[in-house]
Structures are given as C-alpha cells and as structure tokens.
Amino acid sequence: MKYGYFDDNNKEYVITTPETPLPWINYLGSNEFFGLFSNTCGGYDFYKDAKLLRLTRYRYNNSPYDSNGRYYYINDGSDIWNVGWQPTQTPLDSYECHHGMGYSKIISSKNGIESTLLAFVPVHDNCEINQITLKNATDSNKEINFFSYIEFCLWNAEDDSTNFQRNFSTGEVEIEGSTIYHKTEYRERRNHFSFYHLNTEIDGFDTDRATFQGFYHGPANPDAVKAGHCSNSVAHGWSPIGSHHKKISLAPGESISLIFILGYCENPVEKKFIAPNVINKEPAHVIINKYGTDADVAAAYNELKEYWNGLLSVYTLTSDNEKLNRSVNIWNQYQCMVTFNMSRSASYFESGMGRGMGFRDSSQDLLGFVHLIPSRARERILDIANTQFPDGSAYHQYQPLTKTGNLGVGSGFNDDPLWLIAGTCAYIRETGDYSILEEMCEFDTGRAGVPAAPLFEHLRRSFKYNMDHKGPHKLPLIGRADWNDCLNLNCFSETPGESFQTTGPSEGPVAESVFIAGMYVKYGKEFRDLCQHIADIKSQSASELGNLPEVSELNRIIGVLDSEIEAMTEAVETAGWDGKWFVRAYDAYSNPIGSHTCEEGQIFIEPQGMCIMGGIGIENGKAETALASVKERLDSKYGIMLNQPAYTRYHVELGEISSYPPGYKENAGIFCHNNPWIACAEAAVGHGDRAYEIYTKTNPVFLEEIGEIHRTEPYAYCQMVAGADAPTFGEGKNSWLTGTAAWTFATVSQNILGIKPTYDGLSVDPCIPSTLGEYSVTRKYRGKTYNIHVSNPNHVEHGVKSISINGNTLPEGTLLLNPSADVMDVEVILG
Ligand code: GLC
Ligand code: GLC
C-alpha cells in the first residue's frame, strides 16, 4: 500500500495522509543548524550537536508517537485544528506533506481555510524558517485565532530529560515585541540563546507551558487555544515554551502570510549583556531583519533549491528505469548528505544523546558523500584523524561539538582504524588532492602528549595497528567487536543491563575476525596504491609532498604492505575458509563462528562481502562458491540476512548478537548496510543481474508499494529489515542514519553503473542487469564534465567492448578517461 507518491520533477515525496505507518520525516539544514521534521510537524532543532545544543524538546518513545514539534493551531470559533494535523489530530479536509531537498511543505485545509506551511533552514543562517500562508477560500469573512507553539529544551538534551531537581528552577526567557528569547543558563556560562520570532505584531504570547496548556492538559488540548487568547505568561523555571497568538480576519479570497523564525545565536563573552541579565539581542536582530518579508523567504528558499540542484548535478543518471533514476539521482544522494551531517546521532530512532560521530560510521559515510562537497569531506577526515590514538587505534565515537573522543565507549573496535584509510583513499580518488596527506593531525586531539603528525602517518598507523594485533590463525584480533558491534567475543557478560560494548577486556588474546582480515586486504591494497602514487609523484618532482616520507621509505612501506596483504590473503584462504564460504570469526576459545560446524550462526554475510571486495577468492573460484552459498542460505524476499540459522538462545561467548530475538537486528535481520557489499562482490565476479537484484531488494524506492509492511519512509534507507525468522518479516526499522546510504550509492554508481573515480582519473566498467539496454550518466569530476553514454546492444552483464571520447576511440583495454576538454562525450559499448 502507498501513502503518497514521488514527484521527481520537484524532487519531492508527497505524503497524502497524516497517518503514515510511522512518522515519515525529513531533515532541514545543510551545515550547522538542523531540524528533524515529520509529516505532521513533529521533530526538533539543534545547533551542531543534538545532545549538547538542542533548541527544542522532543519526547522519544512517547504515546501517542511523535510527540512535540513546531505546532500551529487555528481556532475558528467552531473548530480547533493544527495545520499539520498533530497534536490535536482534528480531521482535516485536505492534507499533503511534501518532503523535498532540505525543506518540507504541508498543505492542508479545514473549514474553508487553506494553509501552506513551508519549513526550511536557509543555507547560510542558523535558524529554521516556517512560513505560513492562510487563505480564506469561502465567501464569508473568517475571524480566527492563530497560535504557534514550541517547547524549549534546556540545551543539554540528556540533562534536560533527567536532571529535574535543577532544571525545574533554571528556565528563563525574555520577550521583546513579537520575539520570545530563551536564555536558560545564559546568566552563567552559556554565551548562546535561542529566539522564536513572528514577523508581525502579536496579540499575546505565552512562555510558561503550564499556563499555555493548563497543568493537566497537553499540546493536544491547550487551554489558551480553547480560550482563544494567551496570557502573556513569563516562564520562571519549569518548562519554558514559545507561543504567539495572532488574531486574523480574512475577507473572502483574502490571504495572509506569517513568517516564524526559530534561531540560534552566540555572543562574545564581553558582549553578552546590554543591562544586568538582559541579553544583547544584536545577532538575533540581524537574522530577523534578513527574513522579514515573503520576498526574503522566497530568495532564501530559491538559494536552497539551487544549492541542492548544484549538488545533485555531480552525478546524474538517465535511463528508462524510473525507480533507478529516482533513487540514484535524488534520494540516495540526499540521504548520503544527511548521514554525513548526522552520523548516527539524531533521527527518530537515534535519540541524539548517545552516539555523537562514529569513527567507522563517519569514515564510511564519506564514501557516498565525497563527490558532493569534497571540501567538507576533507575537513571531516581531518577531524576524525585528530581523535586517533598514537598506536593507530581509535575512539569509537566523538562529539561533533567538541570534536574529542568519547571516553564512555572508549576504543578497542579493531575495524575502526582501517575505515580511516577507506575514507581518505576515496577522497583522494575523487579529488586528486594529495595535499590532505600532509595536513598535521593530533593524536587524541592533543591529549596523548605526542606531537601531531601528517595524515599520512595516521593512515600508516591505522594499518600497523592491525598488523601488530593478530591472533593464532594470523588473522586480526577482533577486540571489542568489528563492524558488527554485536559480535562481542571478549565480553562474557552475565549481568543484566551491562554494556556489551564496554564490558570485558578491550582485547582478548585469541578472538579473531575474518571480516577485518578482508578489510585488511582491501584497504591494504588501496593504501598500497596510494603509497605507489605518492612515490611516483615524488620521483617526478622532488619538491612535491615534502612532508611525506622519501621515495625509499615509501618503497619500504609498499614492500611491507605487499607481504602483509599476501600473508593475510593466505590466512583467509586457509583458516578463514569453511569449504563453501568464508568463516566469520574465531571466538575466545579459538572455535570458529560462521562455520558449518556451528550449531547456530553457520554462515554470515559480512566476510563474504568484504573478503571478495578485497579480491580474495576471485581467481580460484572461492568467491563464486561463497556467493552461491549466500544466495542459497542467506537470501530472502526482502534482502540478504546477516546470518543463518539465527541464534535462538543467549550465547555468553558471542555477546549482544545472541541477545536479539531471531530475525531482528544483528541476529539474522536484513542489515541493509551490508547488502551492497554482496552486490559489490557479485559485480566483482561479473554478475550484473544478481548485483542489481540485490540492489533493488532493500531499496526503499522499490518498496513503496508495500508501505504497510516496510513501514519506514519509501525515500530513505533503514538500517534493518526484520528477517525471515521474525514474526514481522519485512518490517523496516531505524530509518535514515545508516551506512547503507553511502555504501549503496558507492555500489550503484561505481560498481553497477560502473563510473568509478580512481587515483588516475575516471574509469568506466559497468556491471549491469542484462535487461538494461542503455543509459547515460553525467559526471562532474575534478573540474570536468563527462557525458557518458553506455549502450548494451547484446544485453550482456559486463564487459566493455569499445570506448571513445569526443569521437576518438581509446586503445583497447584502456578504461581511463584522460581529460582533453572541459566537456567530454564518452561512448561506451558493452558486448
Ligand atoms: C550500527 C552502527 C554501526 C555498526 C552496525 C552493525 O548501524 O552504527 O557502527 O557497524 O550497527 O553493528
Ligand atoms: C547496538 C546495536 C548496533 C549498534 C550498537 C551501537 O549494539 O544493535 O546496531 O551499532 O548498539 O552502540
């Protein structure tokens, strides 16, 4: 069942009922100020960090669901409703929510009053704009009372939802004209405040929640709205809110526009106050003046649209497959930006209080984002590297505001270091900017007491960490866990509630990961190629890359990498091979996991994908055998499950994976993130049909019609779909913040459609479904534009027969496109 439709021309998803199976959300904000915006106006805003600088309150896991947002009420004398349906849930006469690129629009009507709410965060300012137009579509006059409502969060979201003995006494506001200022803790150490403004004179306001709602009422039935007026309450402690009241009379056919701004401002310490405890409101006035009129708002909205049109013009596909186009051109790339900005911090499933930026997560997010804004990817790579420890290991997470590692979860996830190599190599393949490798990065953000070193040295230490931490089978030690956070082989937890991620030694002496072994080979090769390229550059010009090792040292490193890659490949092909697939790991007793000899959990998806992506088994047939086993044992209607058979009981030696009921999350769920690994692996052995089949199974755009089963947004990937063992098989959870976005975009754009950035330039090597007869991709790359047309007259899955640029045929076997002009027309014939 569908709950809306795609409008590809406007790059929107249009939701046609407020009662979607779950709230379907969008993200507002491109740089530092963000808002989550559901199809019924739910969500919250924050500046940079969803935990530390949250502007508005949201109640996770509330009942009814999706509790709190920016709410606009209308009382027309006979009915009370919200333009976005929540929280009164008064039935509307018409309703549509358009989620677009960085904006959302809710168009609704009731009792002849038509309303349009446009919400977005301008590209350059730290505020959310809500422009509301109301039109009287009847032939009689309308007198209405209009109310806004938001609830302020006292900045630190975690403290705000736990430390009530203090927080009920600290709340403070100021009111100036139509602007409500929230200034809790501004009197002491905070130099920031927020404001909620309306661009016209108001008839009243409330800032005290209990006064606005009535102590035993809530946002669904607030006293002020029922009474038709506010009380001009000034919050002292308790729960500060912002509500404006505006009386509106509309003649038949008449419209009015209201512009609300929720903004974030900072002041220098010496300029905080204009009088004792009175905020210097200067920075707020600047924003307020900038967005005072409809024309101002229209200009900012156009700028946002242009911003997105520009970003999405870097990679565009034209094919006769509408769903593929829509996913590749719009929604998958859009989600890549969101995951880049949010990591795993703020969604409707991630509370924004726990995880900050993940070392591995953010490194992987780069893979799908780097082509959009390389300069921001560069900055992120350096931030991540700055948190690394001197021995090459990594904090598992860091806070985006402070950019320092998170002591709570610490380190010891032994896949983490290698992801830094993955992200950096992707950046250089995209940009050719080797200078990033010379940037000086701290260790543990300067807390380690050792001097900063060039990024290149951080990458070297990343690799060296795994090189120095191997177990009895010469495979990498797993530490607390590898990519699968729930395979905790050194944890042995028997105490309820203990964290699986931090209990037990950070590294036992023997538990090993075949998955990390695959990464070691894959990213070892990428790092090796990088070293080779640096050596080549330096050999040609001695003055280049002066901060990086000399050519002789680079050659020595290359030698070490070669022998390490060879030895690890050998270890995987022996101890890591189970006969028909790759083993998953060895536990703390050195027993295999993910082997036919196991009682449960005999085969896992991760090592099949990663080892083959690393090139292991491609030449000797093991890759094909492993992929056939994946198809036979792990595949399902809704995607490839993580492991089979599911664990049916708790295994203390395995940890969290066996804590989940069968079919959920890491215990045999369809973990969307690693499905593209198998698609990539299939592409590596030339199976275009199968790669594409895998691609479509978890792709939300292809699941739009089964919304009642899938439940999460049809325009965003979710982390996990319940596997075949689960009673709710096919149900998605944890939408938006998942490495799936980046991995899928990388896979479909580079491995399936085959347009791949390399250190030397762009290469074309498609591996597509045989049914795809032709397609075109426009790719902007290193300042040039490539218009690539691929035709597949013989309906093959793989194999370039000929390729030409601007009419000149390239020598046979040459896939690199050497830029000669600014715009290149490339003809590729498969066969
Ligand atoms: C979550 C985490 C990610 C991890 C994955 C598998 O998505 O964000 O870091 O790799 O789960 O456990
Ligand atoms: C839980 C989740 C996993 C996530 C981890 C993060 O283990 O199952 O997906 O990566 O928490 O801490």
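The values are calculated or read from the model by the stated rules, or taken from the named source; none is laboratory data. Note that this is a predicted model, so its numbers are computed, not measured. We place every Cβ from the backbone using ideal geometry, glycine too, and count neighbours over all the protein chains shown. The protein model used for the area step is the full one, side chains on, heavy atoms only, and it has no ligands, DNA or RNA in it. Shrake-Rupley method; radii C 1.70, N 1.55, O 1.52, S 1.80 Å.
Yes or no: the stretch 335-342 includes at least one residue that is closer than 20 Å to Pro417 by Cβ, touching a Gly at 6+ places or on another chain (Cβ under 6 Å) and of a type outside the set (Asp, Glu). No, because not a single residue in the stretch 335-342 is closer than 20 Å to Pro417 by Cβ, touching a Gly at 6+ places or on another chain (Cβ under 6 Å) and of a type outside the set (Asp, Glu). Restricted to the stretch 352-463, the set of helices (runs of 4 or more DSSP H) holding at least 3 residues that are open to solvent by 10 Å² or more (accessible area, probe 1.4 Å) comprises 374-386, 416-431. Restricting attention to the stretch 656-672 and to residues that are within 9 Å of ligand 2 (Cβ to nearest atom) and part of a helix (DSSP H, G or I), the residue that is surrounded by the fewest Cβ atoms within 10 Å (Cβ to Cβ) turns out to be Ser659.
In the set Ile803, Ile829, Ile788, which member is hydrophobic (A, V, I, L, M, F, W, C) and either within 19 Å of His371 (Cβ to Cβ) or loosely packed, with under 15 Cβ neighbours inside 10 Å (or both)? Explain how you work it out, then say what you get.
Details: Ile803 fails: either within 19 Å of His371 (Cβ to Cβ) or loosely packed, with under 15 Cβ neighbours inside 10 Å (or both); Ile829 fails: either within 19 Å of His371 (Cβ to Cβ) or loosely packed, with under 15 Cβ neighbours inside 10 Å (or both).
Of Ile803, Ile829, Ile788, the one residue that is hydrophobic (A, V, I, L, M, F, W, C) and either within 19 Å of His371 (Cβ to Cβ) or loosely packed, with under 15 Cβ neighbours inside 10 Å (or both) is Ile788.
For the criterion of being β-branched (Val, Ile, Thr) and within 16 Å of ligand 1 (Cβ to nearest atom), Val409 passes.
Taking the conditions exactly as written (buried (at least 22 other Cβ atoms within 10 Å of the Cβ), assigned to a loop (DSSP other than H, G, I, E, B) and of a type in the set (Gly, Ala, Ser)), does Gly723 satisfy them or not?
Numbers: buried (at least 22 other Cβ atoms within 10 Å of the Cβ): yes; assigned to a loop (DSSP other than H, G, I, E, B): yes; of a type in the set (Gly, Ala, Ser): yes.
The answer is yes for Gly723.
Is it fair to say Ala741 is open to solvent by less than 40 Å² (accessible area, probe 1.4 Å), among the hydrophobic types (A, V, I, L, M, F, W, C) and without any contact (Cβ under 8 Å) to a residue 60 or more places away in the chain? In short, no.
Evaluating Ala588 against the criteria (1) part of a loop (DSSP other than H, G, I, E, B); (2) out of contact with any Asp or Glu (no Cβ under 8 Å at 6 or more places or on another chain) leaves one unmet condition, (2). Taking the stated definitions as given, is Lys281 farther than 27 Å from Ser63 by Cα and touching an Asp or Glu at 6+ places or on another chain (Cβ under 8 Å)? Taking the combined requirement at face value, the residue satisfies it.
The C-beta contact set for the stretch 472-498 (first residue more than 18 Å from His396 (Cα to Cα) and assigned to a loop (DSSP other than H, G, I, E, B), second residue open to solvent by less than 20 Å² (accessible area, probe 1.4 Å) and of a type in the set (Asp, Glu), distance under 8 angstrom, 6+ apart or interchain) comprises Pro472/Glu512; His473/Glu512; Leu475/Glu512. Of all the criteria given as (1) outside any strand (DSSP E or B); (2) among the hydroxyl-bearing types (Ser, Thr, Tyr); (3) open to solvent by 50 Å² or more (accessible area, probe 1.4 Å); (4) more than 17 Å from Ala220 (Cα to Cα), the one not satisfied by Ser30 is (3). Are any residues in the stretch 154-178 polar (S, T, N, Q) and open to solvent by 10 Å² or more (accessible area, probe 1.4 Å), and if so, which ones? Asn156, Ser161, Thr162, Asn163, Gln165, Ser169, Thr170, Ser178, listed by residue number. Residues that are more than 12 Å from ligand 2 (Cβ to nearest atom) and crowded, with 18+ Cβ neighbours inside 10 Å within the stretch 470-492 comprise Lys470, Gly471, His473, Leu475, Pro476, Leu477, Ile478, Gly479, Leu489, Asn490, listed in sequence order.
Against the definition (closer than 20 Å to His469 by Cβ, of a type in the set (S, T, N, Q) and touching a residue at least 60 places away in the same chain (Cβ under 8 Å)), how does Ser563 come out, yes or no? So that I can check it myself, show each step before the final result.
Working: closer than 20 Å to His469 by Cβ: yes; of a type in the set (S, T, N, Q): yes; touching a residue at least 60 places away in the same chain (Cβ under 8 Å): no.
When the stated conditions are applied, Ser563 does not pass them.
I'd like to check which strands (runs of 3 or more DSSP E) are fully inside the stretch 734-786 and have at least 2 residues that are within 16 Å of ligand 2 (Cβ to nearest atom).
Values: elements: 755-758, 761-764, 774-781.
Answer list for the stretch 734-786: none.
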